[in-house]
Each structure stands twice: as C-alpha cells, then as structure tokens.
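Here's the structure we're looking at; comments come further down.
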Amino acid sequence: MQIEDYIKAGKIVAEVRENVRKKNWVGVTLEEICEEVEGEILKRGAKRAFPVNTSVNEVAAHYTAEPNDEKIVSDTDLVKIDLGAQVNGYIADTAVTVCYDSQYDNLVQAAEDALKNAVSMIKIGVKSSDVGRTIEKTVKQLGFKPIMNLSGHSLAQYTIHAGKSIPNIWSIGSFSFKGDQAYACEPFVTTDEGSGVVQEGKIKNIFALGSRKRTKNEEADRLQEYIWTNFNMLPFALRWLLKDWEEKQARELLEILMKKKVVHAYPILIERNGQRVAQAEHTFIPTENGATVTTILG
Ligand code: MN
Ligand code: MN
C-alpha cells in the first residue's frame, strides 16, 4: 500500500470537492460540470479514477455526462457530484451533494452527519456492521431513510471495489477494518417517502474493462488497448475517447467490446419510489486510534 499516493490523491480531490461545494451550478450543463471537475483533478497532477458522476434528484449514482450532454442544473435540483483521483492507481473517492431547493437541505445534512458519525468511529478492528448501524441510526433519527442496497467499499490499486462493502444499514456478514487497506464510506439518504432501495435504470454511460482478449476486429482491439493503457481496469466515459475516435465509431466499437464481454457498463441507479437521494463520501485508512481521512483538507 502506497500511503503517500493515497494522501496525494486525497488532497487533490478534497480541494476540488470544496470548490465544487461552494460554486453555484444552476444553469450549467452536466457536461460542463464533468469537464470542469475532471479538468481540476488533472490540473493538480493526478489522473481521474473514474468519470465524475453527476446524478440528479432521484438518480442516486452512476450518471456521467454524455458527449454534448445538454441537461442543465435547475434552481430546484439536487445533484450528487462524485469525483475520484488516482496517483499510481491509488484512489481517492469523495462526493458532495449540491442542492438548490432548501426543502432538501436537511436531507443533504443527514448524509453529511451520517458520514461524519461513521468516520469518527473508525479505527483498526471496528466492525463494518457497527458502522452500518451508526449510519442507519443517524439517518433515521433525522427522519430519513438510508439506501440499503448501496454501500461503501474497500479500495486497492486500480480497483474501486476491492471486495469489502461498508453497509449503510446494520447488516450481517461483517468484517473488521484493517490498517493496511483504504476504504470509502458513502451514506446515501432518501426521504421518508422513499423506498430506501435503488434499482437499475436503462441509461448506461460509465464503462470499464472487464477482461482482455482479442475480438477479431482490429479497431475494437485498438480501442481495447487504448482503454487498458489509459484507464487500466478503472471506469471511463465515452467522452474520454473522443480525442482519438469519432463519437459514432466509438459507440460502435464499445458495443462490439460489450458483446464480447471485454467491456461492461454500469447502469444508473434510481430510487425506487422516485424520491430524491443525497450522498456524502470520504476515503480513509484506519489507524490504531482512528483513521487517516485522505479526502479531508488540513
Ligand atoms: Mn464515489
Ligand atoms: Mn465510492
């Protein structure tokens, strides 16, 4: 584990996230948000760990802008902006919810409070089920519901989901936090009218390499090689291919790679009752007395 790289990536996303939080995004397109936030990560000397997610209102996660995405943030929207940087494959994963409808300010605060309470109890040996219990309790006491089928995760080099899940509710199947491992904790919270469950939507615009094998299509193999060289096994967006391919051809080649199961896509995840969802997220490494939160400034 390269702690310096985790710290460097964390400092970069923390700075960018705080700028994202302060900025007024009303009237800005989702594509402009993604391009600007990803640009800020690159400018600071890290690589992007995954496409910036801009998931609006009842979409909980996994939406990134399409090329020329014209969807504009309105003055009543709530947008989860989830961003990640990597240094030598060591990832910092963090998220902030920006909200322009004061009716949902408390929902956003509930996600932040749940994250704060969860992170403050972390140290080596703490059980993941106890963290889930804390998140659930915090959220319910504030009158909201945690999303029970979304969770935090362990991280590894070039791997966003490294096998362990940090639940957002009390749940069986616990593990104990270790000091030689990075994790991301990410409470997702919906209203009392929400189901507390997300389901997959039709849109899929985040992709990742799943395996590497020849496809008998030379151009598809060239794209596969490009993806491996530039993004390794980490997620990527169609937007990221358009310096080297025309959009139409990139889409066709991606289809070929998906049919051959070389590339897989992540569907967007939507609150089942159509209720709004807020999110907060930090990355941390447990220590004997607490945790090094890589995505907190200072
Ligand atoms: Mn994230
Ligand atoms: Mn995450």
Within region 257-274, considering residues that are in contact (Cβ under 8 Å) with a residue 24 or more places away in the chain and of a type in the set (Lys, Arg), the one least open to solvent (accessible area, probe 1.4 Å): Lys260
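Could you list, in sequence order, all residues of region 116-137 that are within 16 Å of ligand 1 (Cβ to nearest atom) and surrounded by fewer than 23 Cβ atoms within 10 Å (Cβ to Cβ)?
Val119 - this is the single residue of region 116-137 that is within 16 Å of ligand 1 (Cβ to nearest atom) and surrounded by fewer than 23 Cβ atoms within 10 Å (Cβ to Cβ).
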Residues (open to solvent by 20 Å² or more (accessible area, probe 1.4 Å) and within 16 Å of ligand 2 (Cβ to nearest atom)) located in region 76-114: Tyr90, Glu112
Those residues of region 269-298 which are among the polar types (S, T, N, Q) and closer than 17 Å to Ala95 by Cβ, in sequence order: Gln279, Thr283, Thr294, Thr295
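Considering only region 63-80, state which residues are in contact with a Ser or Thr (Cβ under 7 Å, 6 or more places away or on another chain) and not in a strand (DSSP E or B).
Step one: list which residues in region 63-80 are in contact with a Ser or Thr (Cβ under 7 Å, 6 or more places away or on another chain), which gives 63-65, 69-72, 78-80.
Tyr63, Thr64, Ala65, Asp69, Glu70, Lys71 - these are the residues of region 63-80 that are in contact with a Ser or Thr (Cβ under 7 Å, 6 or more places away or on another chain) and not in a strand (DSSP E or B).
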Close pairs from region 57-74: first of a type in the set (Asp, Glu), partner part of a strand (DSSP E or B), Cβ under 8 Å, at least 6 apart: Glu58/Ile270; Glu58/Glu271; Glu58/Val277; Glu66/Asn205; Asp69/Thr29; Glu70/Thr29
Test result for Asn24, assigned to a loop (DSSP other than H, G, I, E, B), open to solvent by 20 Å² or more (accessible area, probe 1.4 Å) and at positive phi: no
Sole exception among (1) outside any strand (DSSP E or B); (2) more than 16 Å from ligand 2 (Cβ to nearest atom); (3) at pLDDT 95 or above for Pro267, by number: (1)
Residue in region 62-75 that is open to solvent by 20 Å² or more (accessible area, probe 1.4 Å), within 16 Å of ligand 1 (Cβ to nearest atom), touching a helix residue (DSSP H, G or I) at 6+ places or on another chain (Cβ under 7 Å) and hydroxyl-bearing (Ser, Thr, Tyr) present: no
For Val37: the one exception among (1) touching a Leu at 6+ places or on another chain (Cβ under 8 Å); (2) on the phi > 0 side of the Ramachandran plot: (2)
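The values are calculated or read from the model by the stated rules, or taken from the named source; none is laboratory data. The shown structure was predicted, so the numbers you read here are calculated from the model rather than taken from an experiment. Glycine gets a Cβ as well: all are built from the backbone with ideal geometry, and neighbour counts include every protein chain shown. Keep in mind that these areas ignore ligands, DNA and RNA; they rest on the heavy atoms of the full protein, side chains included. Shrake-Rupley method; radii C 1.70, N 1.55, O 1.52, S 1.80 Å.
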